[in-house]
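> Let me begin by handing over the structure; questions about it come next.
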Amino acid sequence: MDSGHANNELPKPDSVSVSPTSERLEEHLTLYPHLADRILRQLLVVLHEQGNITIDRIYDEARRQAGNIDSGRTTDADNPNVMAAPRGDQSERDVVQNITRHYAAVQLRPQEIDEIVNLTLKREEADKLRAIVSLQSVSFRLLADTVRRFCALPVGEMQLTPDEATGIRVGLIRHLISDQLEFIAIAKKFLRIRDFEGIINRTIGAESGMGRVGGKAAGMYLAATILGASRHQSNRRSIPAEAARDDESYTPSVPASESYPVSIPDSYYLRSDVIEDFLAFNGLGEYQNQKYKLPEEIRNEYRLIKSVFRNADFPAGIVEQLRELLERLGDSPLIVRSSSLLEDRFGTAFSGKYASIFVANQGPIEHRLEALLGAIAEVFASALGPDPLQYRKEHDLLDYEEDMAVLIQRVIGKRFGPYFAPAFAGVAFSRNEFRWSPRIRREDGLMRIVMGLGTRAVDRVAGESPRLVALGVPTLRHESTNTEIMCNSQRQVDVINVERNCLEAIPLPDLLQHAAEFPMLDRCVSIRRERLLVPPMGTYIDEPTENLFITFDKLMSEGIFTEQLRVILRRLEEAYGYPVDVEFAHDGETLYLLQCRTLSQGTEFEPQPIPENIPGDNIVFSATRFVRSGRLDGVEYIIYVDPRDYDEIGTREDRIEVARVIGRLNHALTNERFILIGPGRWGSNDMRLGIPVTYADINRSSMLIEVARERDGYVPEVSYGTHFFQDLVEAKILYLPLYPDDAANQFNDHLFADAENRLTQIVPSAEAFKDIIRVVHLPSATGGRRVCVLMNGESDRAVAFLTDEND
């Protein structure tokens, strides 16, 4: 409302009130003379929006006082058919500003003047930032300095509008994080301009260059922002999302009433352009063409490349930045993780394709620096390995300029004796495709959890399995007996030995020697009482080590952690608009988010009806355990490695060569539909329990089957959630475990024993392995028939049978 003037007459130019507000305003105008017009315009907008005075009225009065009024002009602002308003001269503009000053002095408080001026300053800096991010090429120093100037301004109560901020956010995302449109569409809703200062201040690279932090770092940082997690704080304090006010309107995360504490590790980002400087500095640019070589050449040369990279030098500026980083971090154990520009993108996760290296980070700083540089170089080299290059080829990404960024993080955990590790770690999925009970809901998610470092949750390891948890019913196990639980439970724990400066897998009894120092031990183990497994009653455990088994039963029965994880997964899926998977670690006090990406999605199949009248002679195999829904028609070849024959192989070299022969068959049968059947765990890191294939050895198969023979001790792992399984999902390769010695199942040994072995016809150099690897051409062996596989996840049944139908 208008005040202070009879008959609603507006103030004359010389009648501006003197008040604390006017004095504050004059101070600002004196301090920022170059922004005076902009500050006064913003004051005018605020007065209009608050209803104190309309803009039209101020301008009309200014024209009257300046003698520029045209009494014949229509001033109906809503009528488009009127004469254009005349442009005012300088005297009229001076009157407008004087009237604005007066109303500001009367209607606003000094604090409001401060807010308006601060908003004007932010808009000034935002304009500069917008101009810089719109450039195709810009130096990191220029961009960083401009972001810091914006962030140095007080946050204030008045925000930039979404249209002002969104373009800047998008530009910052493109320059610093990712150019993938799907990622940008999500990130621009959650990442605010001030969030980028946290990245900039922890970025390593030449100031004159520019690169991105890569996919793994991007996913982690975005997820932390969505969840309102604390980021890069030395005291690891968690804050709810709504506690962090900012300069811009933004998409809020989730209701604070559902908040759970979550953090991300202390993290630093080696930009993606550093690898280009590294290659140029050492004259290694020729290796950029590895991706165009044949698979065998890539595989044979990779060992040399790793050695060359590890012994190469880094530019002096990068070395100095890394030395300063180590001085800041002290002797905390570190992990050096790949963060390729292609990694963790929508549709291409590159699960486990690149290296992640643990660095114990102990001893003199020069020794620690050499270890860190070697780890970074090895991560760089992993971009040229056979698996990622084959993966890129399959996804039509060979021609993409893939620069490898690196994520350097403190390892989450606590020290106990000579060891360092988290209490537990693992991987979790917002959707559960492995449901062993009708009580399990797909949307509740699934977790794979291990004690210690999380490597055993995502890799296939020897003779043990992580705990699988349906997050909606966390106490429901997929094993049927306590004997089975004890047999398959985790027996070794991955840790960092800080005294020996290395990564180790230690038996549970070795860890228990330091039980008093290990966090949450009572929630991780159960005690064997005759044939039962019972959780410890308290936190102190005084039991013989042979009676303790890693089960997480107490942690699951409490329900707090699983509910926390389920809520986190639901929030992230809602924000991403896609199912997600995350990696996590817990140090006994705080849950840390280590990674987040969209979940690899395979072909969705309805449960296939299983015919009851298939003649027994036509059945190739059947299964009744751990079956997912799927269908495969027209199978022409089956490659079969009998577990009994594989067990007879005497040397490590011969087992590796079996994997290489499988790889050559995989390449030769690229255009054929074939099934791989082999012992135990394909791709296991213990080649006694499975053929040590890599992704490039099996990626052309249509189905992968793991055979468990009771007398041989081969046990297929429930592999859902491992990097290996994610590869199968993305490549649309069906997976099935077989238990031929189970009376409820059938397995046609005679078909594989009697059929002609086509191995040497396809791979002539594999003569030495013809008694181990059998290649059956089904039409030739069965009178023109092929195999159809039907899988019903609801009834937990599958059958493969001979049929005259090709598709």
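The values are calculated or read from the model by the stated rules, or taken from the named source; none is laboratory data. Computed from a prediction, not measured in an experiment: that's the story for all the values here. For neighbour counting, all protein chains shown are included, and Cβ atoms are generated from backbone atoms with ideal geometry for every residue, glycine included. Accessible surface is based on the protein model in full, side chains and every heavy atom, while ligands, DNA and RNA are left aside. Shrake-Rupley method; radii C 1.70, N 1.55, O 1.52, S 1.80 Å.
> Which numbered condition trips up Ala768, out of (1) closer than 26 Å to Ile610 by Cβ; (2) modelled with pLDDT of 85 or more; (3) open to solvent by 10 Å² or more (accessible area, probe 1.4 Å); (4) in a helix (DSSP H, G or I)?
(1)
> Separate question: Kindly provide the set of residues from the range 656-714 that are modelled with pLDDT under 90, hydroxyl-bearing (Ser, Thr, Tyr) and closer than 19 Å to Val729 by Cβ, ordered by number.
Ser684, Thr694, Tyr695
> Keeping to the range 377-417, report how many residues are out of contact with any Asp or Glu (no Cβ under 7 Å at 6 or more places or on another chain), in a loop (DSSP other than H, G, I, E, B) and under 20 Å from Arg212 (Cβ atoms).
8
> Moving on to the next point. Name the residues in the range 634-679 that are surrounded by 16 or more Cβ atoms within 10 Å (Cβ to Cβ), within 32 Å of the chain's Cα centre (by Cα) and within 20 Å of Pro764 (Cβ to Cβ), would you?
Correct list: Ala659, Arg660, Ile662, Gly663, Asn666, His667.
> Give me a count of the residues in the range 513-537 that are part of a strand (DSSP E or B) and over 18 Å from Asp587 (Cβ atoms).
Counting residues in the range 513-537 that are part of a strand (DSSP E or B) and over 18 Å from Asp587 (Cβ atoms) gives 7.
> Answer with yes or no whether Leu594 is within 30 Å of Ile568 (Cα to Cα) and in contact (Cβ under 8 Å) with a residue 24 or more places away in the chain.
When the stated conditions are applied, Leu594 passes them.
> Considering each of Phe416, Phe434, Phe420 in turn, give the residue that is in contact (Cβ under 8 Å) with a residue 12 or more places away in the chain and open to solvent by less than 10 Å² (accessible area, probe 1.4 Å).
Phe416
> Here is a further query. Does Gln180 satisfy the condition of being among the polar types (S, T, N, Q) and farther than 30 Å from Leu322 by Cα?
No, not satisfied.
> Turning to a different aspect of this structure: Do you know which residues across the range 123-147 are in contact with a helix residue (DSSP H, G or I) (Cβ under 7 Å, 6 or more places away or on another chain), open to solvent by 40 Å² or more (accessible area, probe 1.4 Å) and hydrophobic (A, V, I, L, M, F, W, C)?
Leu142, the sole residue that qualifies.
> To continue, here is another question. Could you check the range 379-403 and list, in sequence order, the residues that are in contact with a helix residue (DSSP H, G or I) (Cβ under 8 Å, 6 or more places away or on another chain), surrounded by fewer than 20 Cβ atoms within 10 Å (Cβ to Cβ) and not aliphatic (A, V, I, L, M)?
Lys393, Tyr400
> Just to verify a result, which residue in the range 155-178, among those that are open to solvent by less than 80 Å² (accessible area, probe 1.4 Å) and part of a loop (DSSP other than H, G, I, E, B), is modelled with the highest pLDDT?
Looking at the filtered set, the residue picked out is Ile177.
> Tally time: how many residues in the range 551-600 are open to solvent by 20 Å² or more (accessible area, probe 1.4 Å), closer than 22 Å to Gly538 by Cα and hydroxyl-bearing (Ser, Thr, Tyr)?
2
> Can you give me the number of residues within the range 680-703 that are within 25 Å of the chain's Cα centre (by Cα), under 13 Å from Ile639 (Cβ atoms) and open to solvent by 20 Å² or more (accessible area, probe 1.4 Å)?
0
> Taking only the range 344-370 into account, find how many residues are open to solvent by 30 Å² or more (accessible area, probe 1.4 Å) and touching a residue at least 40 places away in the same chain (Cβ under 8 Å).
Counting residues in the range 344-370 that are open to solvent by 30 Å² or more (accessible area, probe 1.4 Å) and touching a residue at least 40 places away in the same chain (Cβ under 8 Å) gives 8.
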